[in-house]
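Presented below is the structure to which this report refers.
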Amino acid sequence: MIQKPKGTYDVYGDKGKTIIQLENIIKALMEKYNYEYVRTPIFESSELFHRGVGETTDIVSKETYDFIDRGNRNMTLRPEGTAGVVRSYIENKMYGNVIQPVKNWYYGPMYRYERPQSGRFREFYQFGVEVFGCSSPLMDAEIISIPVNLYRLLGLKGIKVNINSLGDTESRDNYRKALVEYFKPFIDDLCDDCKERYNKNPLRILDCKYDANKESIKNAPKIIDYLNEESKEHFLKVQEYLDALNIDYEVNPNVVRGLDYYTHTVFEVEASIEGFGAQNVLCGGGRYNNLVNTIGGIDTPGVGFALGLERLLSALEFENINLIENDSIDVYIIPMDNKIDYCLALTNDLRLNGFVVEMDYMQRKIDKNFKQADRLKAKYAIIIGENEATTNILTVKNNHTKEEYKVKIEEIVDFLDEMACDCSNH
Ligand code: HAM
């Protein structure tokens, strides 16, 4: 049998319902924040990610899905959303929009050739936002507030917000030099990956899961001590605004992020739930004041974040949070005496009037149909036989109380509406 590719998964049944519900909550939240929806292609020219995400990152050096298309172009399935949204911002000249800053949100699949494990997939979904044209720390705080408010709305409790600052280019360069100097005597002590990071991107040694508990890492110089005045001021303001937003956070100097484009604020939110597993980073993001320029646009500050849908779903499951509110249907329509056409028209009409309606497609016997109505958790069953079809007076049965009503066809919508109101009043 042909099986799904390694590191992917199918969505069906209750998981499908939960995901749709989650997507609706995300959409509604983004409306409240007044962000605009953007969608960019799932594949882009490989160069975009090399320049954008960074050659030295694990994502670009080891994890991209690359292919050459039939026109001999180097293409890559997007491993993340930021680079594509930045490209779109530049290409569509959004820097000329009347309303600034430009606040975008997106949602869609990303691809990374990683070693699959719980919470880590090769195809996974991200919800993310990217804001352009605002260098104020106010925007850093707004960005952090988005996932935090989403978790609040969902009722997720076990979350921890870690923030750090990588400073501006000057601060980061100074820090990088200090780290190279500091780690020189400890190189042999580090894992093979970190040995490579030492030369290419020493900051990444600090968030190595493998080496995390080594004394040399714990005692490494901290970026905070290398921030220049401007960077320090920016970071302090972010903290002031997070306090104003009533968001708990911890300043964690080891949050350096796995992508090269960050400047100033970086943050991650982790699930601090007993037994959740190693892949506990629910979302991450930060400021990237040089990325638009690196990708070929005019100097424009940017800030954003992305969260992994799969890890969020696991966290909800761990905390027993069920998003499926109501999986009952309003009406189940039962044709008798072969009154299929009449039932079909009624089903269609009620659906267009906003009701959730199913009809018997299988010409079941009446007792089997009542069982089906129960299985579907139908609030009402409408039975249409010869008599109903000729008089246009329908037999409507409340499937819970088993009470029966006779309702004229032209009054059925009002009847169902009134009944729905009555139910919600009780
Ligand atoms: P990232 O930290 O690489 O950042 O990914 C963000 C989130 O996507 C992670 O926290 C995690 O929840 C989820 N994620 C990443 N890889 C996987 C995977 N293999 N399987 C399942 N979930 C995964 C970015 O992608 C940046 N573009 C975020 C950003 C936006 N920064 C600024 N703007």
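Would you list, by chain and number, the lysines whose Cα falls below 18 Å from the Cα of Lys408, excluding same-chain residues fewer than 8 positions away?
Lys339, Lys397
Rounded to the nearest 10 Å², what accessible area does Val11 show when all protein chains are kept and the probe is 1.4 Å?
70 Å²
About its Cα centre, how strong a charge dipole does segment 230-326 have in debye, to the nearest 20, once Lys and Arg get +1 and Asp and Glu get -1 at the Cβ? The partial results should precede the final answer.
Working: 5 positive and 15 negative charges, 73 e Å.
The calculation lands at about 360 debye.
Pick from Pro335, Pro41, Pro221: which is most flexible by mean-square fluctuation in a GNM of the chain where alpha carbon atoms under 10 Å apart are linked?
Pro335
Using the crude model of +1 on Lys and Arg Cβ and -1 on Asp and Glu Cβ, and no other charge, please compute the dipole size for the chain relative to its Cα centre, in debye to 20. Could you put the intermediate results ahead of the total?
Numbers: 52 positive and 67 negative charges, 197 e Å.
Roughly 940 debye, rounded to the nearest 20.
Can you list the chymotrypsin sites (Phe, Trp or Tyr not before Pro) in segment 209-253 that are in a DSSP coil and have 15 or fewer other beta carbons within 10 angstrom? Before the final figure, lay out each step's value.
Details: sites: Tyr210, Tyr226, Phe235, Tyr241, Tyr249; in loops: Tyr210, Tyr249.
Filter output for segment 209-253: Tyr210.
Could you name the lysines whose alpha carbon sits less than 24 Å from that of Lys232, not counting residues in the same chain fewer than 8 places away?
Cα-Cα hits under 24 Å: Lys160, Lys177, Lys218, Lys222.
Which is the longest run of the chain containing none of the trypsin sites (Lys or Arg not before Pro) found in DSSP loop states (not H, G, I, E, B) with at most 16 other C-beta atoms within 10 Å? Don't skip to the end; give the middle numbers.
Values: sites that count: Lys6, Arg39, Arg70, Arg73, Lys93, Lys157, Lys209, Lys222, Arg364, Lys365, Lys377, Lys402.
With a cap of 16 other Cβ atoms within 10 Å, the longest stretch comes to 223-363.
What GluC sites (Glu not before Pro) does segment 374-426 have in DSSP loop regions with at most 15 other beta carbons within 10 Å? Don't jump to the answer; show the numbers that get you there.
On the way: sites: Glu386, Glu388, Glu403, Glu404, Glu410, Glu411, Glu418; in loops: Glu403.
Passing both the DSSP loop test and the Cβ count: Glu403.
What's the center-to-center distance, using Cα atoms, between segment 203-236 and segment 358-426 in Å?
After rounding, the separation between the Cα centres reads 66 Å.
Among Leu179, Tyr12, Gln239, whose Cα sits farthest toward the positive end of the charge dipole of the chain (+1 at Cβ of Lys/Arg, -1 at Cβ of Asp/Glu, about the Cα centre)?
Leu179
Between segment 291-355 and segment 121-143, how far is it from one alpha carbon centroid to the other, in angstrom?
Taking the Cα centre of each part, segment 291-355 and segment 121-143 sit 23 Å apart.
Can you list the residues, at least 5 places off or on another chain, whose amide H is less than 5 Å from the amide H of Ser165, using H built in the peptide plane?
Under 5 Å from the amide H of Ser165 lie the amide H atoms of Val266, each far enough along the sequence or on another chain.
Given the -39500 (n - 2.57) contribution per DSSP H run of 4+ residues, what per-residue ellipticity at 222 nm results for the chain, rounded to the nearest 500 deg cm²/dmol? Spell out each step's value before the answer.
Values: 15 runs with 161 residues, N = 426.
Calculated at 222 nm, the ellipticity per residue is -11500 deg cm²/dmol.
Which of Ile366, Met336, Val356 sits farthest toward the positive end of the charge dipole of segment 329-425, with +1 on the Cβ of Lys and Arg and -1 on the Cβ of Asp and Glu?
Ranked along the dipole, the leading option is Ile366.
Set the bar at 18 Å for Cα to Cα. Now go through Lys368/Lys406; Lys379/Lys402; Lys6/Lys27 and name every pair that lies beyond it.
Lys368/Lys406; Lys6/Lys27
Quick one: compute the contact order of segment 329-425, relative version, from alpha carbon pairs under 8 angstrom and 6+ residues apart, as a percent.
Values: 135 pairs, mean separation 27.3, N = 97.
Rounded, it is 28 percent for segment 329-425.
Kirkwood Rh, Cα Rg: Rg to Rh for segment 329-425? Walk me through the intermediate numbers first.
Values: Rg = 12.2 Å, Rh = 13.2 Å.
Looking at segment 329-425, the ratio lands at 0.92.
Please give the charge dipole size of segment 329-425, origin at the Cα centre, charges +1 on K and R Cβ atoms and -1 on D and E Cβ atoms. Round to the nearest 20 debye. Don't jump to the answer; show the numbers that get you there.
Working: 13 positive and 18 negative charges, 109 e Å.
Magnitude of the dipole: close to 520 debye.
The values are calculated or read from the model by the stated rules, or taken from the named source; none is laboratory data. None of the values given here were measured: they were computed from a predicted structure. Ideal geometry is used to build each Cβ from the backbone, glycine not excepted, and the neighbour counts take in all protein chains shown. Note: areas computed on protein heavy atoms with side chains; ligands, DNA, RNA excluded. Shrake-Rupley method; radii C 1.70, N 1.55, O 1.52, S 1.80 Å.
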